[in-house]
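Some notes on the structure that comes next.
Each reported figure results from applying straightforward, stated rules to the coordinates on display, with no laboratory input. These numbers were taken from a predicted model, which means no experiment stands behind them. Note: ideal-geometry Cβ built from the backbone for every residue, glycine included; neighbour counts use all protein chains shown.
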Amino acid sequence: MSASSDDPGGPLAALVRDARRGLAARFGSSPRWMAAAPGRVNVIGEHTDYNEGFVLPMAIDKHVVLAAAPAASSEAGDVVEIWSDSLGEAVRLPVQGSAKGSVPHWASYLQGVLAGFLTRGLQVPPFQAVLVSNIPLGGGLSSSAAVEVAMATLLEGVTKTRLDPREKARIARQAEHDYAGVPCGIMDQLASVMGQETGPLLIDCRDESVTPVRLAESVKDATVLLICNSHVKHSLGDGAYARRRAECEEAARLLGARSLRDVSAAQVAAAEAQLGPILTKRARHVVTENERTVATAEALRQGAFERAGQLMYASHRSLRDDYEVSVAEIDLLVELASKVGLAGGVYGSRITGGGFGGCTVSLVKADQVDGIARFLSEGYERGTKRALSAFVARPTAGAHLIDPAEGAP
Ligand code: GLA
C-alpha cells in the first residue's frame with residue numbers, strides 16, 4: 001500500500017527508465033531531453049481557485065514523464081510526434097502555426113501547450129517523444145495538468161527557454177481551457193509546477209502567491225495523507241464543472257462583487273432571497289471553504305490535526321450538500337473513515353479534486369494507516385462491489401528537467 005515501489009530509486013526513477021526504454025523501442029533513439037511533472041492531491045480548498053480564493057494542494061510522487069530526441073529523419077516533417085505508452089497511441093503535431101487540428105483527447109493537452117509556446121514566438125524544432133505516467137486517469141489527482149506541465153517543461157528544455165513558473169502554469173491552464181474545453185482554475189498547474197518536498201502549498205489564487213506549509217518537525221512523520229481511489233471516473237469536460245463556475249460568477253455579479261473571494265458568509269445569508277436556492281448554496285460553499293482552507297493551513301502548521309480533520313469533514317459536507325459534486329461511492333468512503341474515527345487513527349476525510357467521482361484524501365496517523373486502508377477497502381468493496389486503491393501520498397518537488405543520462409543502462 002505504500003507509495004514507494006520495489007524499484008531502486010522509487011517510482012519516479014522507474015518511470016524515467018520506462019520512458020527511456022519506450023523511446024528506444026518506438027523511435028530507436030536515446031533521450032536528449034527528459035521532463036517530469038507531478039500530480040497533486042488537494043488537502044482542502046475545492047472549487048475556490050476560479051473564485052480567486054485559497055487552495056491547499058500538495059504535489060505527490062506520481063508523475064508524467066516525457067523523454068524526447070530530435071526527429072531522426074526529415075520524413076517526420078515539421079512535426080513533433082508523441083507516443084503515449086499507456087494508451088498505445090501516437091499523435092503528430094505541426095510545429096508551424098497554432099492550428100487546432102483534431103487530435104485524440106489525451107493529446108489535446110499537449111497540443112494546447114505546444115500552441116502556447118508557438119504563439120509566444122518560440123521556435124520548436126521537430127522531435128519525437130514518449131509519454132509515460134503513473135497518475136490514475138480521471139481520479140481527481142491532476143493527471144491532465146501533469147501532462148500539460150510535463151510538456152511545458154520539456155519544451156523549455158527543447159527551446160532552451162526558462163519561463164517564469166507562474167507563466168508556465170498559465171500556459172498549461174490555457175491549454176486546458178482552449179484545447180480540452182475545461183474552464184479550470186490555476187490550482188493544479190501551479191501545484192505541479194511549484195510543488196515542494198516539504199508538504200502542501202497554501203495558494204492565494206487572486207495574486208497566485210504560494211506559501212509552503214511546513215508541519216512542525218516533531219509531528220511531521222506521525223501523520224500522513226491517505227488517498228483512496230474510488231475508481232468512479234470523473235469527467236470535468238461534460239459541462240457540470242463549467243456550470244458550477246458560471247453559477248459562482250452569477251452569484252458574485254448579483255452580490256455586486258468582483259468574485260466570491262470578496263463576499264462573506266453573512267452577505268450570502270442576507271442575500272438568499274435574491275440569489276435563490278441554488279446560487280445561495282454554491283456561494284455558501286465557496287465562502288466557507290475559503291475560511292476552512294486558511295484555517296486548515298494554520299492548524300497543520302501548529303500540528304493541530306484534530307482541528308484540521310474537522311475542517312476536512314466540514315469541507316466534504318459542503319461539497320456534498322451545497323456544491324453537489326460528490327457521488328455515493330465517495331460519500332461512503334468518507335463515512336467509513338469517520339467510523340474509524342480518532343480512536344482508530346483518522347483525523348478527517350473528504351473528496352479531493354473536481355468531484356463527480358475520483359478520490360478521497362484522509363488525514364491519518366502514520367502508524368495506523370495500514371489497518372485504516374484495509375478497513376476502508378473491505379467496507380468499500382462490500383458496499384459498492386468495486387475495488388479500492390489506497391496509497392500514502394508523499395510530497396514531492398515540482399516539475400523539472402531530468403538529466404538525459406539518468407536511468408541509462
Ligand atoms: C479541478 C480543476 C481545478 C479546481 C478543482 C476543484 O481539479 O482543474 O482548477 O477548480 O477541480 O477545486
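Gyration tensor analysis over the Cα atoms of the stretch 11-66 returns equivalent ellipsoid semi-axes of 34, 11, 7 Å (largest first, whole Å). About the centre of its Cα atoms, the chain shows a dipole size close to 120 debye [charges on the beta carbon of Lys, Arg (+1) and Asp, Glu (-1) only; nearest 20 debye]. Per-residue Cβ neighbour counts within 10 Å put Val213, Val364 in the sequence Val213, Val364, beginning with the fewest.
Among Ile227, Ile372, Ile278, the largest mean-square fluctuation in a Gaussian network model of the chain (Cα springs under 10 Å) belongs to Ile278. Sequence-distant contacts, meaning Cα pairs under 8 Å at least 6 residues apart, place the relative contact order of the stretch 255-409 at 15 percent. The C-alpha atoms of the chain define a longest principal axis, and helix 143-158 lies at about 40 degrees to it.
Considered as an equivalent ellipsoid built on the Cα gyration tensor, the stretch 111-224 has semi-axes of 28, 16, 15 Å, the largest given first.
Phi-derived couplings, Karplus 6.51 cos²θ - 1.76 cosθ + 1.60 at θ = phi - 60°, listed residue by residue for the stretch 278-285: 5, 5, 4, 5, 4, 5, 4, 4 Hz, with x used for Gly and Pro.
Proximity of backbone amide H atoms, modeled 1.01 Å from N, is registered between Ser86 and Ser133 at under 5 Å, excluding neighbours fewer than 5 places apart on the same chain.
When each of His47, His105, His231 is scored by the number of other beta-carbon atoms lying within 10 Å, the sequence from fewest to most is His105, His231, His47. Here the translational diffusion coefficient of the stretch 316-370 follows from Stokes-Einstein with Rh set to the Kirkwood radius across Cα pairs; for 37 °C and 0.692 mPa s it amounts to 288 µm²/s.
Summary value for the stretch 115-201: 28 percent relative contact order, contacts being C-alpha pairs under 8 angstrom separated by 6+ residues.
For the chain, lysine pairs separated by 8 or more sequence positions, or belonging to different chains, with Cα-Cα distances below 24 Å total 10.
Gaussian network model of the chain, Cα springs within a sub-10 Å range: biggest mean-square fluctuation belongs to which of His63, His234, His316? It is His234. Under a 5 Å amide H cut-off, with hydrogens placed 1.01 Å from N, Val80 pairs with Leu93, Val95, Phe127 among residues at least 5 apart or on other chains. For the stretch 288-409, the equivalent ellipsoid derived from the alpha-carbon gyration tensor has semi-axes of 26, 20, 17 Å in decreasing order.
Using a cutoff of 8 angstrom between alpha carbon atoms and counting only pairs six or more residues apart, the relative contact order for the chain works out to 24 percent. From helices alone, the chain scores -13500 deg cm²/dmol at 222 nm; the rule is -39500 (n - 2.57) for each run of n ≥ 4 DSSP H residues, then divide by the residue total. Ranked by how many other Cβ atoms sit within 10 Å of their own Cβ, fewest first, the residues Arg243, Arg350, Arg20, Arg92 fall in the order Arg243, Arg92, Arg20, Arg350. Of the residues Gly112, Gly138, Leu275, the one whose Cα sits farthest toward the positive end of the charge dipole of the chain, with +1 on the Cβ of Lys and Arg and -1 on the Cβ of Asp and Glu, is Leu275. In this structure the amide hydrogen of His63, modeled in the peptide plane, comes within under 5 Å of the amide hydrogens of Gly39, Asn134, Ile135, none closer than 5 places in sequence on its chain. Per q in 0.12, 0.20 1/Å, what log10 I(q)/I(0) does a Debye calculation on the alpha-carbon atoms of the stretch 45-170 return? Here log10 of I(q) over I(0) equals -0.48, -1.23. Remark on the chain: hydrodynamic radius 21.6 angstrom, per the Kirkwood mean of 1/r across alpha carbon pairs.
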